[in-house]
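Trainee: Mind having a look at this structure? Questions to follow.
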Amino acid sequence: MKDAKVNMNRAPLSEKDIDKAKNFDQLMKMNAEPPVKIKWAKIGGIVAIIGGVLGYIFWPGNNREEQIDPQKSDKQQTETANSEFFKQTEVPYTHYVVNGGAGDTIVTPNGTRLIFPAGAFEDKEGNVISENVDIQFREFHDVPSIFGTNVDMTYDSAGTTYHFESAGMIEMHGFKNNKEVFVNADQPIIVELNSHYPGDHYNIYFMDPDGDWEFVSKDTSKYEPVVMIMDTMNEERPPVENYLVIKSKEDNYKKAKNELNQKINEAGLIVPQKANDELFSVKLSFKEKEFPELKGYKGILFEVTEKNKDFDKSLTKQEWTDIQLSKEGEDYLMTLFGKQKIKLIVRPVFAGEDMEEANQNFEELFAAYDAAHQGVLSAAREQMTTAYQSYKATEDSVINVINQSLNQAAWSDELSQKAYNVRRIFEVDNFGFWNSDCPQNLPKGQEVDPVFVNADDELDTLTFTNLYIAEYDKNAFFTYWGEWGHKKYINDKGEEKKQFISLPFTFNPKSETVLWAITNKGELAVITPEELGKVTFSKKAATTIKMKLHKKVIDVSKIKEAIGWK
Amino acid sequence: MKESSSYHQTDQQIKAESEIIELSKQDPKQFRSIYDKYFGQIMQYIYNRLDDKELAADLTQQVFLKALKNLSKYESRGLPFSSWLYRIASNELNMTFRNDAKLKTINMTDGIIGTLQEEIIDENLVEKIGKLKQIIKLLKESDYRLIELRFFEDRPFKEISEILEITENNAKVKTYRALDKLKEMLATH
């Protein structure tokens, strides 16, 4: 209404104006013939009056008149076909019962929350209803479901017609004992629409009783991806041992390991270790009497340990006059004599090829000592093994949980990128259609004067009202109001004529565009982006657009399939 | 609130009209008296929302054509036949505005201002005409339609409910809510 022109004290119609307009004979004539409706269409910014033949594009070749099937030109037939089509494809309502006095919160299968406060309903007299109310509800989240329900998605603003790109839409009605009830404006229903589309550029619109969309409010979207996913993770996470239990098991293992090492040490044994490729080692000759723990081992190397923090690698290239090996506690000490005296902490290790033999030697020494000392070493080793297995089992569960968490975090990222859980929150103070939308202009780029034909029979020219266009990357479809195909009209002499008619349309050739229409036979005629991409457009002549006919389109899923909507 | 309508008809008049409608269902030529009776009224109603006499004339002819074509579906509910014509006219206007919102027009008169003054109880409303002209545009189309039918067209709520296909009480509730909105906007803008 904000664009309405306001006149003050404009002269009313005079008797002369009215008499001039009245023509009962013409009315009788029109009544006897198929209706020639005055319809206004807005195409590419040009307003064309579609009355009689003005504004139509005439298909070249007058001899086509002879090919006209009178049945096809019947506008009523087309309207009936449309009506029958939408009867089958409209999204069904879901029914809920809400107690008016207590209120309730309903979560729909799509995750949309409907919050009914106590006293949300009133009867036609304005009395608040405290009894049960039957709620009829349905929601729409994509082009096929909106189209299938035949919801007009055009929006007029400042004299321009826009087409809604939807982030989700609902329709809700209330009944008590089959009688319509109304929303109590003082206790509006709160809708948290679970939208599939991110972004804060969608506004809330309400379809008023006249079928016009009215702007209600700016976007009130709320993102909840983290909360929802964390909840899911908590629900699905396997039981995890308490951290203290894990720590205690690790301590037990370390303690058992130390005890074993201590006993091995007391037994005068060394546990063979493999040489570290990163460290320097040297082969030394020594007397086994001085180092009995090394008895029986072959290929022993003495490795400069990490304890030598200031170890100078150039020492390995110097010449030495003597080397001494001694033992200080658990460490071996290697002293190098030359121009200088250098002391290095070393440990006995084995190269890979000698490791197996060293282990065998160790096991023999271990067994011999154990046999002589009442199994003290094997008992300590068993204790350590048990403690290790217990700790490892817990450690594995920890690792699994960490991996699972990482996987879920990745999944969570993916979900949040898709923004599956954007909630668009608004108050409903009237039953009807509510829509979260962004007005869009008709696509631009390629203007087409089309002749729509059956892809399987090019002589079969298609007749329909309204042409629909959608781009795969937008949740919107654009409606060209008008008629295409064969049409009857009455000329100035009052004679009935038949003519081929068409209206131009534009589309963006850079987008994946799909076109469709409901033919006068009730089929869904579609041209996919792939086929549209093959069409050669001419500026001088009409372009033949071959549309595939889909019969038995009985629900939204069939529309999706036919127009290739993902 | 007005208790009578300038278009008020007696039960006898309504009954006589129903008989003509029944005859017209068999013989469309009988429809002439209905056409002559209401053409001007419906054309004026349409013209009040437009600024184009020719378009108003075309749409009015369409209203009567639709009425005639669907006459077999019409059942008298004790209301003047004009209620049905208004309903068709209202739908025709909706379709027209849907295709070109620029055509929307509001025609105010001193008489309308007087009626609003009476309903809104604002003695200074006449002085606020400039403001009212701006504010009335902010109303929703549906709210304006209710105010227009009730206060400008003087239609009883029973007829408004028939025209807008809502219950009589709902028509009352919605009309006075619309009037409250207008009052509030006048006070706050």
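Only the coordinates and a few stated rules stand behind these numbers; no lab work does. Bear in mind that the values here come from a model prediction, so they are computed numbers and not experimental data. Cβ sites come from the backbone with ideal geometry, for glycine too, and all protein chains shown count toward neighbours.
Trainee: Over 19 Å between Cα atoms: which of A:Lys255/A:Lys392; A:Lys487/A:Lys521; A:Lys444/A:Lys510; A:Lys521/A:Lys552; A:Lys444/A:Lys539; B:Lys104/B:Lys137 fall into that group? Working shown, then result.
Mentor: Numbers: A:Lys255/A:Lys392 15 Å; A:Lys487/A:Lys521 15 Å; A:Lys444/A:Lys510 10 Å; A:Lys521/A:Lys552 11 Å; A:Lys444/A:Lys539 15 Å; B:Lys104/B:Lys137 10 Å.
With Cα atoms farther than 19 Å apart: none of A:Lys255/A:Lys392; A:Lys487/A:Lys521; A:Lys444/A:Lys510; A:Lys521/A:Lys552; A:Lys444/A:Lys539; B:Lys104/B:Lys137.
Trainee: What is the Cα centroid distance between the range A:101-120 and the range A:248-267, reported in whole angstrom?
Mentor: 63
Trainee: For the range A:243-398, what is the Kirkwood estimate of the hydrodynamic radius, computed as the reciprocal of the mean inverse distance between distinct Cα atoms, to one decimal in Å?
Mentor: Hydrodynamic radius (Kirkwood, Cα pairs) of the range A:243-398 is 17.7 Å.
Trainee: By how many nm would the segment from A:Asp200 to A:Lys287 lengthen if fully extended, with 0.36 nm per residue of separation less the alpha-carbon distance?
Mentor: Numbers: separation 87, 0.36 × 87 = 31.32 nm, distance 8.34 nm.
Separation in residues times 0.36 nm, less the Cα-Cα distance, equals 23.0 nm.
Trainee: Any aspartates and glutamates with Cα under 20 Å of the A:Lys295 Cα? List them, leaving off those in the same chain fewer than 8 positions away.
Mentor: A:Glu266, A:Glu303, A:Glu328, A:Glu330, A:Asp331, A:Glu353, A:Asp354, A:Glu356, A:Glu357, A:Glu363, A:Glu364, A:Asp370
Trainee: Note the angle between two axes, namely the Cα long axis of helix B:82-99 and the longest principal axis of the Cα atoms of chain B, as a number of degrees from 0 to 90, rounded to the nearest 10.
Mentor: It works out to around 60 degrees.
Trainee: Next up: Hey, got the average number of other protein chain Cβ atoms within 10 angstrom for residues in B:36-47?
Mentor: Mean inter-chain Cβ contacts per residue within 10 Å come to 3.
Trainee: Listed highest first by mean packing, meaning other Cβ atoms within 10 Å per residue, what order do B:157-167, A:438-448 come in?
Mentor: Final packing ranking: B:157-167, A:438-448.
Trainee: Now for a separate question. Taking beta carbons within 10 Å but only from partner chains, what does the mean come to for residues B:104-115?
Mentor: Whole-number average of other-chain Cβ neighbours for B:104-115 is 4.
Trainee: Restricting to bridges with both residues inside the range A:243-398, how much of the DSSP beta-bridge set is antiparallel, in percent to the nearest 5?
Mentor: Bridges in the range A:243-398 are about 95 percent antiparallel.
Trainee: Could you work out, residue by residue across A:12-18, how many beta carbons of other chains sit within 10 Å of that residue's beta carbon, and then give the average as an integer?
Mentor: Per-residue shielding by partner chains comes out at 5.
Trainee: Hey, what angle do you get for helix B:53-69 against the long axis of chain B, alpha-carbon based, 0 to 90 degrees rounded to 10?
Mentor: It is inclined by approximately 40 degrees.
Trainee: To the nearest Å, what is the center-to-center distance of the range A:290-347 and the range A:349-378, using C-alpha atoms only?
Mentor: The range A:290-347 and the range A:349-378 have Cα centres separated by 24 Å.
Trainee: Once you charge only the Cβ atoms, +1 for Lys and Arg and -1 for Asp and Glu, what is the size of the charge dipole of the range B:110-188 about its Cα centre, to the nearest 20 debye? Don't jump to the answer; show the numbers that get you there.
Mentor: On the way: 14 positive and 17 negative charges, 69 e Å.
Using Cβ point charges on Lys, Arg, Asp and Glu, the range B:110-188 gives about 340 debye.
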